Amino acid sequence: MNEYIDLVDSYPGYRNFTPELKTPPPEVPMPFKGYTQQQYAQDLVDAFRKKNIDPSRVWPQSFLYDDLIYWLQNDHDFGRQAIYLQEFDTPEDLAAGMRNLSIVRSAGVNIIGPAIPMLVTPGGPENKTIVPSEYAKAIKQNGLDIIAWTYERSGPLATVKAREEYYFSSIANITYYDGQYYELLDVLANQIGIKALFSDWSATVTYFASCFGLEGPVGGSYK
């Protein structure tokens, strides 16, 4: 972590940090030899404090709701712009997630980080158009921002269905050609209104954002 912070901070310009608190595997049950999940969460943000990194530059992430609640209650400067990562693979999990959005927002969470297939679905005439999912609409209706993941990891789009490629799984039946990367971006950015997007190849996203004058989330602007 220390090397990562030093490296990013050494680059010219204003650089932000998006560290993820990785969920321990089943082989490492928490607490582990007395080391608790809460200590683990605190150690992540303490690493930035010790390096005198302003919390407004740090966007901590976790799939565990309890981690976000810990940061919000114990280190609010970091918790207020923490990202609640989500990956719901079944309709039942997605429905439960939708029901919990108001609870999440009431707890002080500001940003949801869903996987891209959770946010889009076929729709329009004959269900041949990429449109926002009901879950994407519900997130916005509950006053939460969205930072989605992950773009440009899917390879040729003509083969995503045959390869059962995850990031296009919800729209695989209407995905045929690489130009649909931009169609997806249009839905995410201009129809859903995501705040940011994790990408394995940032050139496409940067070009798109520059064309439309889009700006990402502002550090320190969340309460």
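The values are calculated or read from the model by the stated rules, or taken from the named source; none is laboratory data. Not measured: the values here are computed from a predicted model. Here Cβ is always computed from backbone atoms with ideal geometry, including for glycine, and neighbour counts include all displayed protein chains. Note: areas computed on protein heavy atoms with side chains; ligands, DNA, RNA excluded. Shrake-Rupley method; radii C 1.70, N 1.55, O 1.52, S 1.80 Å.
Quick check: is even one residue across the range 52-65 free of Cβ contacts under 8 Å to residues at least 12 places away in the same chain, open to solvent by 30 Å² or more (accessible area, probe 1.4 Å) and not in a loop (DSSP other than H, G, I, E, B)?
No: zero hits.
Hey, could you check the range 106-117 for residues that are assigned to a helix (DSSP H, G or I) and open to solvent by 10 Å² or more (accessible area, probe 1.4 Å) and say which is nearest to T18 (Cα to Cα)?
For the range 106-117, the residue satisfying everything is P117.
Within the range 14-23, does at least one residue satisfy the condition of being farther than 22 Å from I147 by Cα and either touching an Asp or Glu at 6+ places or on another chain (Cβ under 6 Å) or assigned to a helix (DSSP H, G or I) (or both)?
Taking every residue of the range 14-23 in turn, none turns out to be farther than 22 Å from I147 by Cα and either touching an Asp or Glu at 6+ places or on another chain (Cβ under 6 Å) or assigned to a helix (DSSP H, G or I) (or both).
Conditions first: (1) within 23 Å of the chain's Cα centre (by Cα); (2) open to solvent by 30 Å² or more (accessible area, probe 1.4 Å). I130 passes all but one, so which condition is the exception?
Result: I130 passes all but (2).
If you take the residues of the range 143-167 that are surrounded by fewer than 18 Cβ atoms within 10 Å (Cβ to Cβ) and of a type in the set (A, V, I, L, M), which of them is nearest to L185 (Cα to Cα)?
Among those residues, the one meeting the criterion is A158.
Please verify whether L185 is over 18 Å from N110 (Cα atoms), assigned to a helix (DSSP H, G or I) and not aromatic (F, W, Y), treating the condition exactly as stated.
Yes.
Could you pull out the residue among K128, K33 that is of a type in the set (K, R) and under 27 Å from L157 (Cα atoms)?
K128
Restricting attention to the range 67-105, and to residues there that are open to solvent by 20 Å² or more (accessible area, probe 1.4 Å) and polar (S, T, N, Q), which single residue is farthest from V45 (Cα to Cα)?
My answer is T90.
Residue by residue through the range 23-51, note down the ones that are surrounded by 12 or more Cβ atoms within 10 Å (Cβ to Cβ) and among the charged types (D, E, K, R).
Hits for the range 23-51 are D43, D46, R49, K51.
So R80 ticks every box in (1) without any contact (Cβ under 8 Å) to a residue 60 or more places away in the chain; (2) under 17 Å from A196 (Cβ atoms); (3) of a type in the set (K, R) but one. Which box is left unticked?
Of (1) without any contact (Cβ under 8 Å) to a residue 60 or more places away in the chain; (2) under 17 Å from A196 (Cβ atoms); (3) of a type in the set (K, R), only one is false for R80: (1).
Given the conditions (1) free of Cβ contacts under 8 Å to residues at least 40 places away in the same chain; (2) open to solvent by 60 Å² or more (accessible area, probe 1.4 Å); (3) part of a helix (DSSP H, G or I); (4) not polar (S, T, N, Q), which single one is not true for Y176?
(3)
Does Y84 satisfy the criteria of being assigned to a strand (DSSP E or B) and among the hydroxyl-bearing types (S, T, Y)?
It is true that Y84 is assigned to a strand (DSSP E or B) and among the hydroxyl-bearing types (S, T, Y).
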